[in-house]
Amino acid sequence: MKKLFVLLACVGYCGLALAQEAKDSTGYQFTTVKELKITPIKDQFRSGTCWSFSTLAMVEAELLRMGKGEYNLSEMFVVYNNYVEKAVKYVRLQGKGNFAAGGSAEDVMHAIREYGIVPQEAMQGLNYGEEQHVHGELDMLTSAYVNALIKNPNRKLSTAWKNGFKGILDAYLGEIPANFTYNEKSYTPKSFAASLGFNPDDYVSLTSYTHHLFYTQFAIEIEDNWRWDLSYNIPLDELMQTFDNAINNGYTIAWSSDVSEKGFTRNGIAVVPDINFTELSNSEQARWLGLSQKERDDQLYKLDNPGHEKNITQEMRQIAYDNYETTDDHGMLIYGIAKDQRGTKYYMVKNSWGESGTYKGHWYASEAFVKYKTMSILVHKNALPAAIKQKLNIK
């Protein structure tokens, strides 16, 4: 009977948990360990602006932490201002840089610092006949515009090109409001930002790769880091300590990660599945090795229940980055810690794909996935463990 159970588990658990207890057959069951307050789920829809949604989600959560109340801030205000600066840099580099919809968490901090911020009601960014963000046409037009400029048909740039570029953004996203009223008070974008008491300079970007020295800063070599902003480089174990220290002390984390992995499902689970051969008999090992790669993947990534995951190392992270297996795909917000019925730790994630998936817009990313696929994080400097903060000479 026991052998029959193990055989059934092998099929039912997709080859991931061949000797698990019967309780695992009920799917993923999560128990919250620590959960921080966040604002409601939003939807970036068909736009490449996750970097703005995820970082403003952190800003909104920080305002809750600071006792400022709940705000709904305008992602498209941030997008507009960054697109203008991105166009200027791309033209200055004669098209040798990156001009695309993507960006980084630091772009949001820069926008707040330089231009302020506005509430959603002051700038929704939906001036083109859509109820949700659909940026295909906008992205194609802005790209065509800047690429026409760098061909330099007049042998020099006109004095009108920046206004022409802004004209496209005005038509689609709406003009930047010079003044607006919020809760019966009049503001400019800068005065509204000042009223929030949020300081962008209190936030630091962290990463963990071995092609640069630890405890130094470098610009992560990815296309979306078009501004070449710097991140502190720390060992993987210290990066993970920072995740836990932040959440346990009330700080959410703007998380840049790779979601192209098969283990990042569209049903709210993100894991790095692995076969643990130490728990397989010789016949079971032979059966698994006899499958085609597609058959293995079909079983491995079915992910009906919790199972074994890979043991992630610093070296694995680096290899995946160097081989283009880890790419900067998506920005999200980490706001809590949970455990499944096996005791495996997960991080609670707020996504910006609307109320999709099993958990209505929220994801559970295993500790292994976060170790493996984190590109960088942005977090309040006081969220760092004291020893790490001292090593980085952050005051």
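The values are calculated or read from the model by the stated rules, or taken from the named source; none is laboratory data. Because the structure is predicted, anything quoted here is derived from the model rather than measured. Every residue, glycine among them, receives a Cβ derived from its backbone with ideal geometry; neighbour counts consider all protein chains shown.
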query: When only residues in segment 216-242 that are in contact (Cβ under 8 Å) with a residue 60 or more places away in the chain and among the β-branched types (Val, Ile, Thr) count, which is farthest from Phe99 (Cα to Cα)?
result: Thr242
message: Please count how many residues of segment 187-245 are crowded, with 20+ Cβ neighbours inside 10 Å, among the aliphatic types (A, V, I, L, M), in contact with a strand residue (DSSP E or B) (Cβ under 7 Å, 6 or more places away or on another chain) and not in a loop (DSSP other than H, G, I, E, B).
response: 3
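Tell me, please, whether a residue that is touching a Phe, Trp or Tyr at 6+ places or on another chain (Cβ under 7 Å), part of a strand (DSSP E or B) and charged (D, E, K, R) can be found in segment 306-313.
So in segment 306-313, the residues touching a Phe, Trp or Tyr at 6+ places or on another chain (Cβ under 7 Å) come out as 306-307, 312.
Imposing the further condition that a residue be part of a strand (DSSP E or B) reduces the set to none.
No, there is no match, as no residue in segment 306-313 is touching a Phe, Trp or Tyr at 6+ places or on another chain (Cβ under 7 Å), part of a strand (DSSP E or B) and charged (D, E, K, R).
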query: Given the conditions (1) closer than 26 Å to Gly307 by Cα; (2) assigned to a loop (DSSP other than H, G, I, E, B); (3) touching a Phe, Trp or Tyr at 6+ places or on another chain (Cβ under 9 Å), and given that Ser260 satisfies all but one, which numbered condition is not satisfied?
result: (3)
message: Suppose we keep only residues that are out of contact with any Phe, Trp or Tyr (no Cβ under 8 Å at 6 or more places or on another chain) and either buried (at least 16 other Cβ atoms within 10 Å of the Cβ) or farther than 17 Å from Ala338 by Cα (or both) within segment 26-44. Which one would you say is modelled with the lowest pLDDT?
response: Thr26
Identity of the residue in segment 327-337, closer than 28 Å to Lys34 by Cβ and at pLDDT below 95, that ends up surrounded by the most Cβ atoms within 10 Å (Cβ to Cβ): Asp328
message: Looking at the structure I just gave you, is Phe218 of a type in the set (Phe, Trp, Tyr) and within 21 Å of Ala320 (Cα to Cα)?
response: yes
task: Would you confirm whether any residue within segment 51-72 is free of Cβ contacts under 8 Å to residues at least 60 places away in the same chain, farther than 18 Å from Phe198 by Cβ and assigned to a helix (DSSP H, G or I)?
output: no
task: Tell me, yes or no, whether segment 92-105 has at least one residue that is loosely packed, with under 14 Cβ neighbours inside 10 Å, touching a Lys or Arg at 6+ places or on another chain (Cβ under 8 Å), touching a residue at least 60 places away in the same chain (Cβ under 8 Å) and not in a helix (DSSP H, G or I).
output: no
task: Go through (1) in a loop (DSSP other than H, G, I, E, B); (2) modelled with pLDDT under 95; (3) of a type in the set (Val, Ile, Thr) one by one and return the number of the condition Val6 breaks.
output: (1)
task: Tell me which residues, restricted to segment 375-395, are in contact with a helix residue (DSSP H, G or I) (Cβ under 7 Å, 6 or more places away or on another chain) and either of a type in the set (A, V, I, L, M, F, W, C) or under 27 Å from Asp274 (Cα atoms) (or both).
output: Leu378, Val379, Ala383, Leu384, Ile388, Ile394
task: Look at Tyr321 and say whether it is in contact (Cβ under 8 Å) with a residue 60 or more places away in the chain, surrounded by 19 or more Cβ atoms within 10 Å (Cβ to Cβ) and aromatic (Phe, Trp, Tyr).
output: yes
